1. Would you mind finding the one in Gly352, Gly327, Gly365 that is open to solvent by 40 Å² or more (accessible area, probe 1.4 Å), closer than 22 Å to Gly75 by Cα and of a type outside the set (S, T, N, Q)?
2. Conditions first: (1) closer than 16 Å to Ala241 by Cβ; (2) open to solvent by less than 10 Å² (accessible area, probe 1.4 Å); (3) in contact with a Phe, Trp or Tyr (Cβ under 6 Å, 6 or more places away or on another chain). Asp306 passes all but one, so which condition is the exception?
3. Does Thr249 qualify as being β-branched (Val, Ile, Thr), over 15 Å from the mean Cα position of the chain (by Cα) and at pLDDT 95 or above?
4. Working only within the stretch 309-324, note down all residues that are surrounded by 21 or more Cβ atoms within 10 Å (Cβ to Cβ) and either of a type in the set (Gly, Ala, Ser) or closer than 30 Å to Glu180 by Cα (or both).
5. Give the residue, chosen from Arg331, Arg269, Arg290, Arg364, that is closer than 30 Å to Val65 by Cβ and either touching an Asp or Glu at 6+ places or on another chain (Cβ under 8 Å) or of a type outside the set (Ser, Thr, Tyr) (or both).
6. Among the residues of the stretch 236-268, write down those that are in contact with a helix residue (DSSP H, G or I) (Cβ under 7 Å, 6 or more places away or on another chain), farther than 13 Å from Leu296 by Cα and open to solvent by 10 Å² or more (accessible area, probe 1.4 Å).
7. Residue by residue through the stretch 105-119, note down the ones that are closer than 18 Å to Met205 by Cβ and open to solvent by less than 10 Å² (accessible area, probe 1.4 Å).
8. Which count do you get for residues in the stretch 195-215 that are closer than 28 Å to Arg183 by Cβ and assigned to a loop (DSSP other than H, G, I, E, B)?
Amino acid sequence: MHYSDIDTPALLIDRERVRENIEGMQDFADRNGVALRPHTKTHKMSALAGWQVEAGAQGITVAKVGEAEVMAQAGLDDIFIANQIVGRKKLERIRRLSETIDISFGIDSIHHVEEADAVFKGSGRKAQVVVEVEVGEKRSGIIEAGDFKKLLETIGRSDNVHFRGVFSHDGHTYKAEDAEACRTLYEESAHRTLGFAQLAREMDMPPEVISIGSTPPFMLGFDIPDGITEIRPGTYILMDAGQSNVIGTYAHCAASVLTSVISKPTQARVITDVGAKGLTMQTRNAGITRTEGLGLLREYEGVHIDSVFDEHAIIYDEAFNRNVAVGEKVRIIPNHICPVSNLYDTAWLVSGDEVLEEIRVDARGRLQ
């Protein structure tokens with residue numbers, strides 16, 4: 001059927017663009033001699049994760065234990081949880097997963113090591129941990145070299161925890177003023193990560209993995225410094241308005257939200273049937289990912305969502321108003337696709353105007 005026959009709101013995914021995005025990033029990783037471990041929180045679909053691995057990805061990255069469980073059940077067997085894990089219940093779930101797949105997770109404190117050591121006691125395999133390095137995003141991650149050394153010493157004394165390596169996320173590059181500023185932040189972040197890896201070597205705990213990642217530097221084609229073993233971009237597979245602004249084109253946007261025009265109460269105002277519950281209220285308000293409004297109309301250049309209520313999107317544009325009728329369906333490119341994917345039970349895979357299949361967003365809502 002034609003995609004316009006789908007009831008709205010709905011998440012659409014362009015098959016050809018997805019495939020091109022997957023192949024493009026895999027080629028980039030291969031040319032740079034690093035492993036690609038894509039972050040699947042962008043799409044939360046084991047089917048798409050499978051496509052990424054089939055194309056050559058080393059494994060996948062997830063944000064939560066629940067996501068890891070879904071992906072493992074679907075046959076993905078090399079998973080990194082790029083997040084600090086706290087609590088026996090979650091660690092016990094990771095221990096169970098470790099019996100059948102290769103799974104590692106992030107840490108940045110002695111508490112994490114001690115808790116994992118206790119939970120993995122008696123297990124056939126040690127807890128595989130990767131230490132996060134804070135590189136400027138001002139989020140989680142180890143900051144001081146002295147604290148890092150104490151953390152590694154604790155791991156070294158542990159019977160049930162294995163040091164896998166270090167990782168970082170240069171999310172602050174999203175707010176860089178331009179591409180060159182992005183390059184500077186990216187290179188500083190990568191070299192800081194490499195510096196902590198060297199500290200580990202000096203303590204006779206050589207890292208197996210030195211992992212970095214965010215989409216903008218790789219979409220811009222920046223060189224990957226020697227010593228980095230792995231990259232973890234996420235958004236590249238579907239793209240969105242924010243990440244597309246980095247490269248100056250929306251041609252790679254594979255995801256859109258299909259919505260119906262339900263009201264035209266004035267000559268300028270248009271109302272559609274997707275609001276915050278299907279689009280989010282998220283914006284990118286600074287730097288190279290900066291967006292205008294709350295989403296772009298795919299077929300109408302320069303038209304954006306001005307505001308949203310829970311179930312309504314509000315557009316103010318007289319020309320757009322004249323060109324659409326009540327009942328007509330239009331497509332919105334979201335500002336940030338990752339939270340949008342988590343709002344839908346299924347996505348519709350399309351090729352051109354034709355609907356190919358419905359794909360379950362099977363890791364949706366797996367927040368624990």
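1. Gly365
2. (2)
3. Taking the combined requirement at face value, the residue satisfies it.
4. Result: Ala313, single match.
5. None of the other options fit; the residue is Arg364.
6. If the condition is that a residue be in contact with a helix residue (DSSP H, G or I) (Cβ under 7 Å, 6 or more places away or on another chain), farther than 13 Å from Leu296 by Cα and open to solvent by 10 Å² or more (accessible area, probe 1.4 Å), then Val246, Ile247, His252, Lys264, Gln267, Ala268 are the ones that fit.
7. If the condition is that a residue be closer than 18 Å to Met205 by Cβ and open to solvent by less than 10 Å² (accessible area, probe 1.4 Å), then Phe105, Gly106, Ile107, Val113, Ala116 are the ones that fit.
8. 4
The values are calculated or read from the model by the stated rules, or taken from the named source; none is laboratory data. This is a predicted model, so every value here is computed, not measured. With ideal geometry, Cβ positions are generated from the backbone for all residues, glycine too; neighbour counts draw on all protein chains shown. Accessible surface is based on the protein model in full, side chains and every heavy atom, while ligands, DNA and RNA are left aside. Shrake-Rupley method; radii C 1.70, N 1.55, O 1.52, S 1.80 Å.
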